[in-house]
Amino acid sequence: MVKFTTSLVFALTAIAANAVPLEKRISQTISASTQQWVAACNKAGGAEQCSNISVNAFTTLLAAAGPCDQQNSADAMVDLAKQLNNDPDMIKFAQIFAQQPRNTPTGESVQYCQQAPKNVELDGLFQCQFQGAKQDTFVGGVKVGSPGTMPFGQSSPLSPAGSCPANPTGPIPDGQQLSDITQDPGLANVKGSSSGSATPPAEASSAPVAASSAPAAASSAPATASTAPVASAVSSATAASTAAAAPPASTCSATKKRGAMKKRISQDTTAAATPWEDACTKAGGKDKCNPIAVTAFGTLLAAADPCAQQDSADAMIDLAKQLNNDADMIRLAQIFAQQPRNSPTSQAVLYCQKAPKNTELQGLFQCQFQGASQDTFVGGLKVGSPGTIPFGQTTPLSPAGSCPANPSGPIPDGKQLGDITQQPKAAGGAGSAAPPASSGTTGSDNSEDGECA
């Protein structure tokens, strides 16, 4: 028995000493990749559309995303820029985003999209690779020269390998943001393209979005069952992006009345999952934390399924149980499950109608925002209709818009429940309630939801 154990130790030592680092994950803080575009978009008047498109975009950098998802998101960025007077900063940062390296789950290069972009401003652009990735082997062990290993429209391998037009000297440092390295999308380096004049020089006035709105931990797709949550994040965010917000108010008739029932109520969705992600990182969740958090805050967008938020809270608790039943992770997942969702029409948002997987979430449901109509739900449904009463209850909520963490009623528009209470179930009733909103419009967009006449 002793001889067997000694032999095994020597064998494992030999394997470790000669191991090829093909399984090295290379990741980044994906939310940082769109911060400068979001800042430019907000400055240009993009309002809620900026956040929706941004969330969809940075999730395409996760390892589980499709090869063309990143380019499709860059196209959506450019589409919105064109609606906002061809904003040059937005176009420039979309072009840089299109070249940001994607996460690699294996330390190999990531395949290139093999279709043309929708917008000519993106012609000839493709992602750089990270320096730590093998430049002669792509994910799946695919060798250079095989389909997907050369950028669309090119017939020979890249030289230097891992480069892109914005960084033509080669790949960029692991985890770095291309926008921190250069503000030039490198259109002059695009082969056989006249897109070099597509974007006028941008002023240096665009500031990055505050770091507090971004998830704290670096992201990558977890080695285990995290592919599904990642895909869910992309799906939820894509749906939200597809259900784009109204055109800028400047395109509408100045005499057209704004209906109160068309007021959008939104929030900084990333802030809703950041406390849980911080607790997860502290508990040792490593690269499993960020994909679950990304999925989670995507479920607060207006287009998400009524049960997507609860499903994400279940995923949060599943991981907490793997990490010694971490109490902070469970508590913050319970609070997240009660965070109000965005409302596209200032009507209350429907409740999930199924039981949660984990008993820790039983009886929990989201609060509503104070600016939402509490007697009418999205789609014009009246209280008492399916989905307007929380699962397991038979009578309408009283007070309307309340939740176990805030039992006195709805919370101020745009606020995070975690900033109001740290307890998933209030012990003192009204004493734990949210303070009244000063104007009822915080975090809201009063523009019409729909086309202008």
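Kindly provide the set of residues from the range 129-173 that are of a type in the set (S, T, N, Q) and free of Cβ contacts under 8 Å to residues at least 12 places away in the same chain, ordered by number. Full working, then the answer.
Step one: filter the range 129-173 for residues of a type in the set (S, T, N, Q), giving 129, 131, 135, 137, 146, 149, 154-156, 159, 163, 167, 169.
Within the range 129-173, 146, 155, 156, 159, 169 qualify.
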Note to self: What's the total number of residues in the range 72-103 that are within 18 Å of residue 190 (Cα to Cα) and part of a loop (DSSP other than H, G, I, E, B)?
What the structure shows: 4
Notebook entry, point to check: Of the conditions (1) outside any loop (DSSP other than H, G, I, E, B); (2) farther than 17 Å from residue 404 by Cβ, residue 357 fails just one. Which one is it?
Noted result: (1)
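What about residue 302, is it modelled with pLDDT under 95 and in contact with an Asp or Glu (Cβ under 9 Å, 6 or more places away or on another chain)? Explain how you work it out, then say what you get.
On the way: modelled with pLDDT under 95: yes; in contact with an Asp or Glu (Cβ under 9 Å, 6 or more places away or on another chain): yes.
Answer is yes for this residue.
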Notebook entry, point to check: Only one of (1) free of Cβ contacts under 8 Å to residues at least 40 places away in the same chain; (2) part of a loop (DSSP other than H, G, I, E, B); (3) out of contact with any Pro (no Cβ under 8 Å at 6 or more places or on another chain) fails for residue 389. Which number is that?
Noted result: (3)
Notebook entry, point to check: surrounded by 17 or more Cβ atoms within 10 Å (Cβ to Cβ), touching a strand residue (DSSP E or B) at 6+ places or on another chain (Cβ under 9 Å) and modelled with pLDDT of 90 or more: does that describe residue 412?
Noted result: yes
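Tell me, please, whether a residue that is hydroxyl-bearing (Ser, Thr, Tyr) and either in a helix (DSSP H, G or I) or open to solvent by less than 30 Å² (accessible area, probe 1.4 Å) (or both) can be found in the range 139-151. So that I can check it myself, show each step before the final result.
Kept after step one, since they are hydroxyl-bearing (Ser, Thr, Tyr), are these residues of the range 139-151: 146, 149.
Now narrow it down to the ones that are either in a helix (DSSP H, G or I) or open to solvent by less than 30 Å² (accessible area, probe 1.4 Å) (or both): 149.
The answer is yes, given that some residue of the range 139-151 is hydroxyl-bearing (Ser, Thr, Tyr) and either in a helix (DSSP H, G or I) or open to solvent by less than 30 Å² (accessible area, probe 1.4 Å) (or both).
For the range 289-344, give me every one of the helices (runs of 4 or more DSSP H) that falls completely inside it and has 2 or more residues that are open to solvent by 20 Å² or more (accessible area, probe 1.4 Å). First the steps, then the outcome.
Working: elements: 289-298, 308-322, 327-336.
Qualifying helices (runs of 4 or more DSSP H): 308-322, 327-336.
Which ones in the range 23-45 are within 12 Å of the chain's Cα centre (by Cα) and open to solvent by less than 20 Å² (accessible area, probe 1.4 Å)? Talk me through it step by step, then tell me what you get.
Of the range 23-45, the ones within 12 Å of the chain's Cα centre (by Cα) are 29-35.
Within the range 23-45, 30, 31, 33, 34 qualify.
The values are calculated or read from the model by the stated rules, or taken from the named source; none is laboratory data. Just so we're clear, the structure is a prediction, and the values are computed from it rather than from any experiment. Here the Cβ is made from the backbone with ideal geometry for all residues, glycine too, and neighbour counts use every protein chain on show. Calculation scope for accessible area: heavy atoms of the full protein, side chains included, ligands and nucleic acids excluded. Shrake-Rupley method; radii C 1.70, N 1.55, O 1.52, S 1.80 Å.
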